[in-house]
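The values are calculated or read from the model by the stated rules, or taken from the named source; none is laboratory data. Just so we're clear, the structure is a prediction, and the values are computed from it rather than from any experiment. As a convention, Cβ positions derive from the backbone with ideal geometry for all residues, glycine included, and neighbour counts pool all protein chains shown. To get the accessible areas, we keep the full protein, side chains included, count just its heavy atoms, and leave off ligands, DNA and RNA. Shrake-Rupley method; radii C 1.70, N 1.55, O 1.52, S 1.80 Å.
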Amino acid sequence: MKLRRCAVLYVESREELAIDWKVVLSGGSALAAKTQWMALAPHLDLELAIDARQLAALGGLSHTVWTERAAAEQQFGEVCVASLLELGLLIGDTPQYAAQRERDETLRAAHWRPLSALAHTFGRWRGVTEETGMEAPTFQALLERYGEPPPPTFDLGEGEAVKLPGATGGPMDAQLLRRYTGRNYDPQGSVSLDVAARLLQRTFGAQEVRQVGPHASVLKKTSPSGGGLHPIEAFVLAQRVDGVAPGLYHYHPLEHALRPLRKLDSEAAAQLARYMLADQHWLSGAPLQVVLVARMERSFWKYRNHQKAYRALALDAGHLSQTFYLLATEAGYPAFITAAINDADIEKTLGLDHLRHAVVAMCGCGPASDGERAMVELRYGETDVI
């Protein structure tokens with residue numbers, strides 16, 4: 001049998017502090033520190049405690065070159081090697097370890113930048129609710145907790161500033177100056193099919209298909225995309241869209257069609273929306289919601305092991321969300337975009353693999369519950385909707 005270390009592995013030193021009462025009573029220092037090594041392995045989606053012996057073995061074995069198990073055991077010990085194989089931090093080439101090897105090879109085949117794979121994997125949420133950690137403190141509560149925030153802008157440069165002329169009006173002003181984030185959606189309001197169709201087609205739909213090879217094409221959309229690849233897919237959670245049964249759908253950007261994935265009744269759709277949004281009830285009532293999912297295989301086909309590839313995916317989602325905002329504003333609706341979502345649970349719901357797909361954010365829109373928005377002035381001139 002041969003083995004090698006998993007493709008991506010980071011080890012973090014964590015310190016746990018405790019009061020050593022025996023030392024305190026004898027007049028010594030009150031605090032005692034205990035260090036624990038934690039192995040973070042994206043292919044396993046786990047943080048694993050390891051000891052110094054296991055750490056030495058992981059540092060001494062290659063992640064590319066296969067090593068005979070007997071040689072590894074001779075160097076690091078049979079018990080140590082066996083434990084790392086069972087944990088999945090060492091990958092074996094026999095059927096016994098096929099599951100760990102399959103996950104490791106999936107990660108390798110995706111061409112992740114290791115740090116990006118780490119940030120993506122361990123930045124995902126699952127099971128977050130109001131009870132388990134989702135907070136929405138008011139601005140005043142934040143001031144009381146943390147004190148004054150940093151100033152709203154830089155104050156840089158010396159000498160006399162160049163005063164710019166006032167901004168002239170333009171055709172985009174009507175949408176830009178009316179655009180806002182909604183947090184008070186009408187629980188009975190709906191989005192018409194025509195509006196939903198325009199929102200989806202103009203935001204996520206292909207405006208043109210360009211052939212770049214015998215069997216390769218790229219899409220032209222209304223938003224920019226890193227490398228022109230447009231790796232973001234739109235999954236629609238329809239709660240109250242006229243003519244569309246409540247449920248989960250994949251929006252096909254070429255066919256301009258909603259392909260059904262899961263049918264839901266109204267109550268189940270509302271519960272799923274709230275759970276996906278980590279209990280953000282002020283957003284979950286939006287009748288039309290879209291999950292933005294990045295296909296790593298599409299982006300990393302060009303940007304292999306690239307330092308900026310993962311950042312470009314986040315930018316892509318941001319571009320699409322703001323196009324969505326403007327179109328929602330045009331239709332008279334507030335909109336939202338949030339990354340505070342239970343992305344690991346959404347992956348499970350949609351049947352996605354976090355090594356190949358990234359649930360980046362959710363956006364949505366719909367009628368406000370009380371007609372025109374009301375504004376409250378906050379400190380530093382900020383505004384919010386009430």
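Full extension from D51 to R198: what is 0.36 nm times the residue separation minus their Cα-Cα distance, to one decimal in nm?
Full-extension gain reported as 47.3 nm.
For the range 64-85, list residues with backbone N below 17 Å from a point placed 7 Å from the Cα of W37 toward its Cβ?
From the range 64-85, the list is 72-85.
Taking the Cα centroid of the range 4-77 and of the range 143-206, what is the distance between the two, rounded to the nearest whole Å?
If we compute the Cα centre of each part, the gap is 46 Å.
What percentage of the solvent-accessible surface of the range 2-110, computed with a 1.4 Å probe over protein heavy atoms, is contributed by carbon and sulfur atoms?
55 percent
Heads up, I need the accessible area for E233: 1.4 angstrom probe, whole protein in place, Å², nearest 10.
30 Å²
Taking 0.36 nm per residue of separation and subtracting the Cα-Cα distance, what length does fully extending Q307 through S62 add? Please list the in-between numbers first.
Details: separation 245, 0.36 × 245 = 88.20 nm, distance 2.25 nm.
Here the segment from Q307 to S62 would lengthen by 85.9 nm.
Angle between the Cα long axis of helix 266-276 and the longest principal axis of the chain, 0 to 90 degrees, nearest 10?
50 degrees
Binning at 10 angstrom from zero up to the longest distance, how are the C-alpha pair distances of the range 105-246 distributed in percent?
Final binned percentages: 7, 15, 26, 31, 18, 4, 0.
Name all residues of the range 186-210 having a backbone nitrogen under 20 Å from the label point set 7 Å from the Cα of D265 along its Cα→Cβ direction, giving them as ranges.
187-189
Roughly speaking, what is the stretch gain from D155 to A70, that is 0.36 nm per residue apart minus the C-alpha to C-alpha distance, in nm to one decimal? If you can, show how the numbers build up before the last one.
Values: separation 85, 0.36 × 85 = 30.60 nm, distance 6.39 nm.
Net length gain for the segment: 24.2 nm.
Taking the Cβ of E68 as the centre, find all other residues whose Cβ is under 15 Å away and add up their charges (Lys, Arg: +1; Asp, Glu: -1).
Computed value for this residue: +1.
What's the FRET efficiency of T138 with D353 using the Cβ-Cβ distance as r and R₀ = 51 Å, to the nearest 0.05?
So, using R0 = 51 Å, E works out to roughly 0.85.
Using a 1.4 angstrom probe on heavy atoms only, work out the carbon and sulfur share of the accessible area of the range 146-218 in %.
Reported share for carbon and sulfur atoms: 57 percent.
In Å, what Rg and Dmax follow from the Cα atoms of the range 2-110?
17.6, 58
At a Förster radius of 25 Å, what calculated FRET efficiency corresponds to the Cβ-Cβ distance of T181 and Q207, to the nearest 0.05?
Plugging the Cβ-Cβ distance into 1/(1 + (r/R0)^6) gives 0.40.
Going by alpha carbons, how many degrees (0 to 90, nearest 10) lie between the helix axis of 98-109 and the longest principal axis of the chain?
50 degrees
Helix 78-87 versus the longest principal axis of the chain: what angle, 0 to 90°, nearest 10, using Cα atoms?
Its long axis makes an angle of about 10 degrees.
Tell me, what % of the accessible area of the range 266-353 is carbon and sulfur with a 1.4 angstrom probe?
Details: 1760 of 3420 Å².
Solvent-exposed carbon and sulfur of the range 266-353 make up 51 percent of the total.
Starting from the 7 Å offset along Cα-to-Cβ, what nm value, one decimal, do you get for the label separation of V162 and A18?
6.3 nm
What residues qualify as long-range amide H neighbours of L261, i.e. H under 5 Å apart, gap of 5 or more or another chain, H built at 1.01 Å from N?
L248, Y249, H250
Find the Cα radius of gyration of the chain, compare it with 2.2 N^0.38 Å by division, and give the number to two decimals. Don't jump to the answer; show the numbers that get you there.
Numbers: Rg = 25.6 Å, N = 386, 2.2 N^0.38 = 21.2 Å.
Relative to the rule-of-thumb radius for its length, the chain sits at 1.21.
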